[in-house]
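Structure, as structure tokens:
The values are calculated or read from the model by the stated rules, or taken from the named source; none is laboratory data. Since we're looking at a predicted model, the values are computed, not measured. All Cβ positions, glycine included, derive from the backbone under ideal geometry; neighbour counts span all protein chains shown.
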Amino acid sequence: MKPAVPSPDRARRTLIMGILNRTPDSFYDGGRWIGLDEAVAHGLRMAEDGADIIDVGGESSRPGAEPVSETEEQDRVLPVIEELAARGLAVSIDTWRASTAKKALQAGAVMVNDITGLRGDPGMAEVIAEAECPCVIMHMLGTPKTMQQNPCYRDVIDDILEFFEERISFAVRAGISESNIWLDPGFGFGKTPDHNLELVRRLDAFLRFGRPVLLGASNKSTIGIVLGADVSDRTEGNMAVVAYAIAKGVHCVRVHDVRTTVRVARMADAIRRGSVAET
């Protein structure tokens, strides 16, 4: 039996999604987990450190990134997913391709994280609907290759809200249960630093849909710009965003540094609850 995706419960605690990129060119950890043994060990280590979900990706989505072939993506992610799922971990597949999502779910993944918001592949919604699995619908302008070429909005929050309203309606019409939809406003995906800061500042606006909200800001360039820090030296900025996001009501944070994030989230959750106990 597949492990279940933990149910987001704001009355209890914030969920932690650990990032596992089996790619040579991701902006933060490109090349670190290329080997199968190294990738599996890293996934297990993140789970031991407290990650609730391991998000496995085989194609970089950094600004300017070129897509890889379907075969290459699947060769990167499927063996890792099989190994981690066999050990009882809840695994998410980070892909926009329907064929990769379908094979990943067959290999043991229990969730689909689609940075295109179900727009990149016309078959994706059907795969998710048939699997009856949770999915993350993310907001992005353009593609990773083009998204940072002068992104503009009337109002960044209002525009993303309109996008989510349309995407939720599309997903439900395609047969995806609304209870399986998570929302990611797409920090860093077609947004300036000021857009990203406004997104976090008004993160609670996305709670209006009654769906879990996920935020992935880990080590991104906006944090580096604010701190004047290299990508390897952004821990404090990452944790400030995590704590603020929890105060604004986020349900899950997607991060590289699981151990530190778990400790920060535990404290922020306790403050938000006004209680030491999780239940």
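Quick notes on this one:
- Yes/no for residue 205 being in contact (Cβ under 8 Å) with a residue 24 or more places away in the chain, out of contact with any strand residue (DSSP E or B) (no Cβ under 8 Å at 6 or more places or on another chain) and within 15 Å of residue 135 (Cβ to Cβ): no
- Residue in the range 109-120 that is surrounded by fewer than 21 Cβ atoms within 10 Å (Cβ to Cβ) and more than 30 Å from residue 50 (Cβ to Cβ) present: yes
One line per residue, one yes/no per condition, for (1) more than 23 Å from residue 46 (Cα to Cα); (2) within 14 Å of the chain's Cα centre (by Cα):
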{"position": "84", "(1), (2)": "no, no"}
{"position": "87", "(1), (2)": "no, no"}
{"position": "91", "(1), (2)": "no, yes"}
{"position": "96", "(1), (2)": "yes, yes"}
{"position": "103", "(1), (2)": "yes, no"}
{"position": "106", "(1), (2)": "no, no"}
{"position": "109", "(1), (2)": "no, no"}
{"position": "114", "(1), (2)": "no, yes"}
{"position": "120", "(1), (2)": "yes, no"}
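- Residue match in the range 216-223 (condition: surrounded by fewer than 20 Cβ atoms within 10 Å (Cβ to Cβ), of a type outside the set (Val, Ile, Thr) and outside any loop (DSSP other than H, G, I, E, B)): yes
- Pairs meeting the criteria (first residue in the range 248-273 and under 17 Å from residue 188 (Cβ atoms), second residue in a strand (DSSP E or B) and of a type in the set (Gly, Ala, Ser), beta carbons under 7 Å, at least 6 apart or on different chains) are 255/18.
- Only listed residue being buried (at least 22 other Cβ atoms within 10 Å of the Cβ), among the β-branched types (Val, Ile, Thr), more than 20 Å from residue 212 (Cβ to Cβ) and touching an Asp or Glu at 6+ places or on another chain (Cβ under 9 Å), chosen from 95, 100: 100
- Residue in the range 3-23 that is farthest from residue 254 (Cα to Cα), counting only those that are modelled with pLDDT under 75 and in a loop (DSSP other than H, G, I, E, B): 11
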